[in-house]
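Participant: Let me begin by handing over the structure; questions about it come next.
The values are calculated or read from the model by the stated rules, or taken from the named source; none is laboratory data. Everything numeric here is computed off the predicted structure, so don't read it as measured data. Methodologically, a virtual Cβ is constructed for each residue, glycine included, from the backbone with ideal geometry; neighbour enumeration extends over all protein chains shown.
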Amino acid sequence: MEIETSGNEIIIKGNIKSISHYHQLMQEINMLLSHAKDIRIYIADSISITSSIIGYLCKIVEEEKAFMTLYIKNEDLYDILQDLNLTKTLNAQKI
């Protein structure tokens with residue numbers, strides 16, 4: 001997994017699948033939250049997302065009151081979030 005950050009946007013390339021990916025993404029989000037409450041995350045390639053990341057994203061929205069938009073390219077990943085009733089919470093959109 002590779003992460004690029006620019007302004008209030010995070011672009012994730014590759015599959016999200018390990019605990020190290022969780023820690024890496026968590027650090028990037030925390031840095032953005034220090035100066036922005038509107039975060040855009042683009043998931044370009046991943047076909048999955050770990051439950052720890054899902055939990056962390058939900059925590060950011062619910063507890064930190066941050067506005068988040070997930071832009072998801074993979075339709076199966078979007079469908080998973082839809083099945084979990086998280087598309088509204090995480091403001092997930094297909095691209």
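Participant: Please go through the stretch 59-87 and give me each residue that is part of a helix (DSSP H, G or I) and within 21 Å of ASP45 (Cα to Cα), ordered by number.
Facilitator: GLU75, ASP76, LEU77, TYR78, ASP79, ILE80, LEU81, GLN82, ASP83
Participant: Being on the phi < 0 side of the Ramachandran plot, surrounded by 15 or more Cβ atoms within 10 Å (Cβ to Cβ), in contact (Cβ under 8 Å) with a residue 24 or more places away in the chain and in contact with a Cys (Cβ under 9 Å, 6 or more places away or on another chain), is that true of even one residue in the stretch 14-24?
Facilitator: No, that holds for no residue.
Participant: Determine, yes or no, whether LEU90 is crowded, with 16+ Cβ neighbours inside 10 Å, assigned to a helix (DSSP H, G or I) and at pLDDT below 95.
Facilitator: When the stated conditions are applied, LEU90 does not pass them.
Participant: Continuing with the same structure: Might you check whether a residue that is acidic (Asp, Glu) and within 11 Å of the chain's Cα centre (by Cα) occurs anywhere in the stretch 80-94?
Facilitator: Scanning the stretch 80-94 turns up no residue that is acidic (Asp, Glu) and within 11 Å of the chain's Cα centre (by Cα).
Participant: For a quick check of your reading of the model, give me the residue pairs whose first member lies in the stretch 50-61 and is over 13 Å from ILE39 (Cβ atoms), whose second is of a type in the set (D, E, K, R) and not in a helix (DSSP H, G or I), with beta-carbon atoms closer than 7 Å and at least 6 apart or on different chains.
Facilitator: THR50/LYS17
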